[in-house]
1. Of all residues in the stretch 2-17 being hydrophobic (A, V, I, L, M, F, W, C) and open to solvent by less than 50 Å² (accessible area, probe 1.4 Å), which is farthest from F113 (Cα to Cα)?
2. Considering each residue of the stretch 130-152, count those that are over 21 Å from the mean Cα position of the chain (by Cα) and either open to solvent by less than 90 Å² (accessible area, probe 1.4 Å) or of a type in the set (A, V, I, L, M) (or both), and give that number.
3. If I go through the stretch 31-63 residue by residue, how many of them are in contact with an Asp or Glu (Cβ under 9 Å, 6 or more places away or on another chain) and among the polar types (S, T, N, Q)?
4. Could you pull out the residue among K82, K110, K126, K117 that is under 16 Å from the mean Cα position of the chain (by Cα), open to solvent by 70 Å² or more (accessible area, probe 1.4 Å), within 26 Å of Q4 (Cα to Cα) and not hydrophobic (A, V, I, L, M, F, W, C)?
5. Is it the case that the stretch 107-122 has a residue that's modelled with pLDDT of 90 or more and of a type in the set (F, W, Y)?
6. Taking into account only those residues within the stretch 18-45 that are open to solvent by 70 Å² or more (accessible area, probe 1.4 Å) and out of contact with any Ser or Thr (no Cβ under 8 Å at 6 or more places or on another chain), which is modelled with the highest pLDDT?
7. Do we find that Y60 is open to solvent by 60 Å² or more (accessible area, probe 1.4 Å), modelled with pLDDT of 90 or more and not polar (S, T, N, Q) in this structure?
Amino acid sequence: MERQMTIKVVATNKQVYHNYNILETYEAGLVLKGTEVKALREGNVNLRDAYIRIEDGEAYVVGLYIGPYKPAGRLQHDPTRKRKLLLHKREILKLMGKIQEKGLTIVPTKIYFKNGKAKIEIALAKGKAKYEKREALKEKQLKRELSKKYKGKLKL
């Protein structure tokens, strides 16, 4: 009997797609405290300033803001503490090798719950130059204008 896979996206980092070219994505588990999980379920999270750092052969997400869970009272977690990522050793070694290359970095793209477990999608990315960002915005605007003009008659 096949299990039904349920995925509930909590937060996405849209800024990443504007600032970086995504090369590869990985799924990682997150080591969280109880109040962090409950705050995540409420959607009280911000990925904007987060990045991934590899220290001593382990991956951590730094700058991820998970807001306080109100009913916990004084037993709160630190909203911006660094959190360990659960990745296979070979994935960490592969990422370590890749970020040695010039201009590559690891950034979180989204946080979601998969079968009740908190997961984070991380991406190996290369920063875009200013002119690439402008070209992408022009292309997006052109597509928007064309779709407005033809009102769904044109498939892009």
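The values are calculated or read from the model by the stated rules, or taken from the named source; none is laboratory data. These numbers were taken from a predicted model, which means no experiment stands behind them. Here the Cβ positions follow ideal geometry from the backbone for every residue, glycine too, while neighbour counts run over all protein chains shown. Accessible surface areas use protein heavy atoms only, side chains included; no ligands, DNA or RNA. Shrake-Rupley method; radii C 1.70, N 1.55, O 1.52, S 1.80 Å.
1. So, considering only residues that are hydrophobic (A, V, I, L, M, F, W, C) and open to solvent by less than 50 Å² (accessible area, probe 1.4 Å), the one farthest from F113 (Cα to Cα) is V16.
2. The initial filter retains those residues of the stretch 130-152 that are over 21 Å from the mean Cα position of the chain (by Cα), namely 130-132, 134-135, 137-152.
Now drop any that are not either open to solvent by less than 90 Å² (accessible area, probe 1.4 Å) or of a type in the set (A, V, I, L, M) (or both), which leaves 132, 137, 142, 146-147, 152.
So the count comes out to 6.
3. Residues flagged as in contact with an Asp or Glu (Cβ under 9 Å, 6 or more places away or on another chain) and among the polar types (S, T, N, Q) within the stretch 31-63 amount to 0.
4. Result: K117 is the single residue among K82, K110, K126, K117 that is under 16 Å from the mean Cα position of the chain (by Cα), open to solvent by 70 Å² or more (accessible area, probe 1.4 Å), within 26 Å of Q4 (Cα to Cα) and not hydrophobic (A, V, I, L, M, F, W, C).
5. yes
6. E27
7. Numbers: open to solvent by 60 Å² or more (accessible area, probe 1.4 Å): no; modelled with pLDDT of 90 or more: yes; not polar (S, T, N, Q): yes.
No; evaluated as a whole, the condition is false for this residue.
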